[in-house]
Structures are given as C-alpha cells and as structure tokens.
Amino acid sequence: MGDARLAVLEAVLERITYANEDNGYTVARVDTGRGSGDLLTVVGALLGAQPGESLRMEGRWGSHPQYGKQFTVENYTTILPATIQGIRRYLGSGLIKGIGPKIADRIVEHFGTGTLDVIEGEPKRLNEVPGLGPKRTKMIAVAWEEQKAIKEVMVFLQGVGVSTSIAVRIYKNYGDASISVVKNQPYRLAADVWGIGFLTADRIAQAVGIPHDSPERVKAGLQYALSQATDSGNCFLPEEQLLSDSVKLLQVDAGLVIDCLAELVGEEGVVRESVPDPGGGDPVRAVYLVPFHRAEISLAGQLLRLLRGPEDRLPVFQDVQWDKALSWLAERTGADLAPEQQQAVRLALTERVAVLTGGPGCGKSFTVRSVVTLAQAKKAKVVLAAPTGRAAKRLSELTGMEASTVHRLLELKPGGDAAYDKDRPLDADLVVVDEASMLDLLLANKLVKAVPPGAHLLFVGDVDQLPSVGAGEVLRDLLAPGSPVPAVRLTRIFRQAQQSGVVTNAHRINSGVPPITQGLPDFFLFPEEDTEAAGRLTVEVAARRIPAKFGLDPRRDIQVLAPMHRGPAGAGALNALLQQAITPARPDLPERRFGGRTFRVGDKVTQIRNNYEKGENGVFNGTVGVVTALDTVEQKLTVLTDEDEEIPYDFDELDELAHAYAVTIHRSQGSEYPAVVIPVTTGAWMMLQRNLLYTAVTRAKRLVVLVGSRKAIAQAVRTVSAGRRFTALDHRLSQSAK
C-alpha cells in the first residue's frame, strides 16, 4: 500500500490506455516533465481529459504488482502549461479547432511563453503569424472562448458527478445559461439533453439540494417511467403498474405519487383513458405520454379514412378481368403466381389499405414486384419506402424502381415534423411499405398522414419477427382479429427456397422446432458452452474463418448479431475484439478516442440516435456506415453511410456513433447481410426468445453460423415472447369497424 495522504501531481497527459465511459474510470500515462522521459501510470476519474493537456491531479500514491508505482486520481483540474515546450504540445494536440502541430509551432515560435496570453487577450495579433489569415484567427479565438466556457461548466458539473461528454452536451444546449439550469431546473435536462435520463438528472438534483419528495421530482419520475415504457415498446402503461414502478423508482410514498399523477393529467403532461385489457379481463386505466396518445388516435383515424373514403386513385382495377391481367403478368415476369399470391395482388390493387405478411421463401418479394408491375402498366404513380436504408436499397433492386427510407420520403425536419402530411400529401396512387414490422407508432402515423385520399397503401412485412424498436406493434395490430384492414398471409414455401438451409431453419425455429445444424452447406453450429470462449470463437469465425472459406469481406459482408449488448459475448465486448481483428491500430492510421471507444479510418459504425440536423434529410438511429476520413486539426470524422451519403461528425459528437462490427439483433431489423454469425450463449438466458433467434436467422441471405450452446439454442426455440406490448391501436381499429 502507498501513502494514504492526499498528494498533488502535476503532469502532461500523454495517452489514455483505457477508459470506461459508464463510470469514468481511466488508466492513462502522464509525463511529469522530470526530463527522464519515463512515463507514469495514473488511474481514476479522468474522463474528459485529453492528451496534451496539463493536469493538476489530487490523489494518492500506490503501487501495482504488475505496473509498479502509480497514482490514483480522486479529482483533477486542467492547468495552462507554462513552458514553451508545454505550450507547443498543448496547442499541437488538436484541442483547439483549427490548430494542428504545424500551426502550433509557428504560433509558439512567434509569441514564445506569451502565446496563451495573446490567444486569450489579444487574439487579433495571431494575424502576425505567417500563414494565419483573419478567417483562421477568428476560428481559433472562437474555439478558445468556447473551450474556456465549457471548462467552467465542466468544473461545476464534475462537482455534481457528471461526465464530460454530457457536460459538453449541456453546454451546447444551454450555452451560458448551463449552470443556472443545472442548479435550478435539473429535471429539465432529462427532457432536453440527449443522453441524460431521469437517473442522471436526479443525481444532479440531489447534488444541488432539491428535496427527495419535491413534486417536481415525482412528476419527472412519472414521466421517466412512462418514457422507459415507450423505450421498451409500450404505447401506454396501466395506471397500477405505472404507480408501482414509480414508487419503486422514487422511493417515496404512494399517496404523493397518486397526487402528482393527478396534477400531471391536469397539466396535460399525460393522458388517462380506459381501454380494454389485452388479456381479456376488466378494462384498464391506461396512462399515455401525450405524443403517443395523439399518434394512436390519429393513426387509427387516418387508416379508417383511407379505407372508407369515397375516392379511389386506382379505379381501373375495380373491374379488371383478373385472369387476363394475371396471364399478362406471368408473361412479363416469367412465372405464375400461387393462389395466395394472386389474392394478395388483387387485394393491394382493389383495397385502399392492405397487409401482406409471411416468412422467408414464401414469395413476398415476387408478389410485391407483381403489384408494382401491374400498377405501372396502368400508369399509376407508385411510391416505395422502407424504414431503413438497407431495406430501401433491397426494395429498389427488387422492383427496379427508386425506393427511399420513410424518413427521406416524408422529408422529416428537425423536431421530427414532416414536409409531407395531411395538408401536403405525397403525389402517389400506390404506396408500398416494406419491412413493416419495423414501423413504430410515431413513424407509421407520420407516414399514413401523408398518403393522399383515394391512394392505395400496402404494408409488407413478417409479423413473426421482433416488433419495432420504437413503441407500438403496428403490423400486428393491423392483423389483429376484428381489424377492418384486409390481409393475406403467405404460407407456402417455394421449391427453390426449400433447398436453402437458412429458409428451412427459419421456418423450423418459427414453429418451435430446433434448427438442423449438420449436413447443410449454409447453416452451421460451432458448439461452445463457455460464454467467454464463445465470444472469442465468434470473433475468430467472423474475422478469419468465414473470409477464408467463403471469400466474404468481414467488414462488408459479414455481420455479428448478438442477443444482448452486455456480457462477454454481447455486442459491446465483441465490437472491441472485432475492431482489434479487422481494423487494428497502426502507426500510419489516424484515430480518435472518445469515452471508452477508439475510432479509426476503416471502422464500421452505426448512428445511435435520430439527428435531424445531419446530412440532407437527417441521419437516423440504425444507419450504418464506414469511417472514411479523420482530421485531427479540423476535429472532424467522416462516415460514408450505406445510403451513400458522406456525413461529417465533429469530435464532440462522437457519442452519436457506436461500432457496428457486432450489433444487437434488435438493431439489425430490416437489414440483410450475406452472412451472419450469432453467439447464442446461456449468458443471454433472459433474452433468448423464439422471435429473437428467428429475426437473426432471417437477416442472412446466404450463410448462418451459430456459435455457442445447444442448450441456449433450445431455450430460444422453446420460449415464445412473453405477452403483447401495451397498445390500443387494434382496439381503436376494431371498435370503429363494428
């Protein structure tokens, strides 16, 4: 053990060797400037400190059996370096936008130890430096001021236990008002700042002295419990469940929670309404967040308006001679439609709203192509859309027509408003939406609003897959008993699809039978009972064995799909291992560390929140791409998305990106990959459900490799997901159908 007294250490941060984003624990090497060139290891709460900064750290000396002497940091402040060498390193480290090592050398050469005073007090003098024009001078001055202001907010926020990346976001949101908002209205943060939930806001509130039982806190807690419920897919919560969840979360008296809920209803923060019990018992008092209540009522209303309206933009199909039309179609496509496919084609072209569902290999795609071909033959305006970029690309390849994501089609704007809606509908006679199992309530509502009266709307999707990531179960509700929306379910597997192990096993899993894992050319199991070993084997299979045997590119063609994010075989741990295997660090490869992740050129990444400000029409949660450039001077990283758009990210926006070598099965919905590798381990026991494994297997076009335990696979096949989500769309549709 080292000395237990607090000591102070001043040093320059050289490099960060490990950082845990969740708790801020960091291991770093620092240069104490003693001239020996030896670096010292420091550990502790250093999140937010950047290489090149001079730090004043308070902490304790100790020693580590493997690494020798080290310093454990309890808190730190950044200090401005005093020596020329220090200033040069500080400026050249890429901390201030617009200054790289070369410019830093020039500035320091000109102003010496007075450099930082000049930037601070007389930034216009930077013009004296050769090669620095007024534009760059101004940029440096602005970046310096911002850096200073953020530092001030950071110091305050560190005192109340907030990590740096969140401090930067708070500052971006409120600017100079940051400290006052944090002190006086901390619960606002949960609503306004992405990445701050109620729990972080609550911790801050406690630190600034807001009482445990303040109505402010309880109302924020109730809204948090409801938004948590929408995050797990529910459109509402039964009142009893909401109250018990909130009492548990807030640790306050139930009476206080009941009073605060009544106040929230009065202030129109939430809506209470009686709806039928999904389980068939007594009616339930449902509590909704306002946007979800509005969307549910609106979506049901719009669908019924379309179904029952007097107009029809495809009247020609009401009295078509179908046998003639279908034989013309068979000549065009070179194949006859099966009876259930014929029924689906007729439905889509004669009914204003229809649903086509079915598993892989049952001819959904061919049916959609037939609908589009017939509609175009009658000069109809056809619009094709899907929830993700990949699904839209596939729909476009299938029909030979342009297809776009729903977001792009509606031109969603910042704040989520769409350019197309009821007052400015799309110019379309037929709208086809593929991968409709992924449509959540809010997006489906925006889409249906924009369909003009009389147009035909066809939803296509596989209802047995996982439901949407967002709230609702729109496709399932449209297909519920008593729904007025006509539907066809394709069940017959076509002959050529029967030869595919992927298709055969998908249907086996879906009907509760374990997959065949031997003797198939495209479906394999690598058995491994130990979760950690299964994680390592997954990486070996994805990065080495499949590329060697099948000639597939590990970045472009192979996707690891994990049941969950955490754990040794979870997407988080696998991403780190896959990055090491596929895009390892190289001296000539620029990289940038952010929180616990390191981004490099060549990395496969995914966007993890909707950002309406980026790109032409926003970049949405789930968009995948590859890092193509990384500029440490301009502090920008560029991603080429799978929609072929180049998107720039400032370094302080990197918390919107995660690595995507491995993604959770939930995040893979609507995407298709040549090969998928799925770790199925007993470590993911709670998550193992039939629709999860079925969704993962149906993502593969050519090859599936399962890695893990037979017992875990059997558990997944056996377990039918527990119950429905809380939604009342089916009730609203069937009520009005009576």
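Data table
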{"quantity": "Which listed pairs, of Lys379/Lys614; Lys124/Lys151; Lys422/Lys614; Lys124/Lys636, have C-alpha distances above 27 Å, in listed order", "calculated": "Lys379/Lys614"}
{"quantity": "Ordering of 297-308, 535-546, 579-590 by burial proxy (mean other Cβ atoms within 10 Å per residue, highest first)", "calculated": "535-546, 297-308, 579-590"}
{"quantity": "Rounded to 10°, Cα long-axis angle of helix 501-510 versus longest principal axis of the chain", "calculated": "80"}
{"quantity": "Length-normalised contact order for the chain - Cα pairs under 8 Å, 6+ apart - percent", "calculated": "11"}
{"quantity": "Kirkwood estimate for segment 464-553, i.e. one over the average of 1/r between Cα atoms, Å", "calculated": "16.9"}
{"quantity": "More than 13 Å apart - percent of Cα-Cα pairs taken over segment 686-738", "calculated": "69"}
{"quantity": "Quarter of the Cα convex hull surface for segment 150-280, i.e. its orientation-mean projected area (nm²)", "calculated": "8.6"}
{"quantity": "Per residue solvent-accessible surface (Å²) - segment 444-597, probe of 1.4 Å", "calculated": "43"}
{"quantity": "Percent carbon-and-sulfur accessible area, the chain, ignoring ligands, DNA and RNA, probe 1.4 Å", "calculated": "50"}
{"quantity": "Label-point separation in nm, Lys135 to Val316, each point 7 Å along Cα→Cβ", "calculated": "5.4"}
{"quantity": "Sites Lys248 and His110 - FRET efficiency at Förster radius 60 Å, r taken between beta-carbons, to 0.05", "calculated": "0.45"}
{"quantity": "Convex hull per residue volume in Å³, alpha carbons only, for segment 362-439", "calculated": "95"}
{"quantity": "Whole-number percent relative contact order across segment 398-522, with pairs defined as alpha carbons under 8 Å at least 6 apart", "calculated": "19"}
{"quantity": "Cα-Cα pairs of segment 505-555 separated by more than 16 Å (percent)", "calculated": "56"}
{"quantity": "Solvent-accessible area per residue, Å², over segment 193-293 with all protein chains present [probe radius 1.4 Å]", "calculated": "47"}
{"quantity": "For segment 550-625: Kirkwood Rh in Å [reciprocal of mean 1/r, alpha carbons]", "calculated": "14.2"}
{"quantity": "Gap separating the Cα centres of segment 412-477 and segment 520-566, nearest whole Å", "calculated": "35"}
{"quantity": "Sites Ala714 and Lys636 - FRET efficiency at Förster radius 45 Å, r taken between beta-carbons, to 0.05", "calculated": "0.40"}
{"quantity": "Folded to 0 to 90 degrees: helix 290-308 orientation relative to the chain principal axis, Cα", "calculated": "30"}
{"quantity": "Degrees between helix 531-540 axis and first principal axis of the chain (Cα, 0 to 90, nearest 10)", "calculated": "80"}
{"quantity": "Arg125/Asp323 FRET efficiency (R0 56 Å; Cβ-Cβ; nearest 0.05)", "calculated": "0.05"}
{"quantity": "In Å², nearest 10: area of Glu397 left accessible to a 1.4 Å probe", "calculated": "140"}
{"quantity": "Kirkwood-based shape ratio for segment 291-377, expressed as Rg/Rh from alpha carbons", "calculated": "1.06"}
{"quantity": "Radius ratio Rg over Rh of segment 573-711, counting only Cα atoms, Kirkwood formula for Rh", "calculated": "1.00"}
{"quantity": "Net lengthening on full extension, Lys422/Glu268 (0.36 nm per residue, minus Cα-Cα)", "calculated": "53.0 nm"}
{"quantity": "Quotient of Cα Rg and 2.2 N^0.38 Å for segment 651-699, N being how many residues it contains", "calculated": "1.36"}
{"quantity": "Pair Ala149, Arg332: separation of 7 Å Cα→Cβ label points (nm)", "calculated": "6.0"}
{"quantity": "Computed label-point distance, nm, for sites Arg492 and Glu645 using a 7 Å Cα→Cβ extension", "calculated": "4.2"}
{"quantity": "Per-q log10 I(q)/I(0), segment 99-185, q = 0.27 Å⁻¹ (Debye; single scatterer per alpha-carbon; no solvent)", "calculated": "-1.22"}
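The values are calculated or read from the model by the stated rules, or taken from the named source; none is laboratory data. Nothing here was measured: the structure is a model prediction, and the numbers come from that model. Cβ: placed from backbone, ideal geometry, glycine included. Neighbour counts: every protein chain shown. Accessible surface is based on the protein model in full, side chains and every heavy atom, while ligands, DNA and RNA are left aside. Shrake-Rupley method; radii C 1.70, N 1.55, O 1.52, S 1.80 Å.
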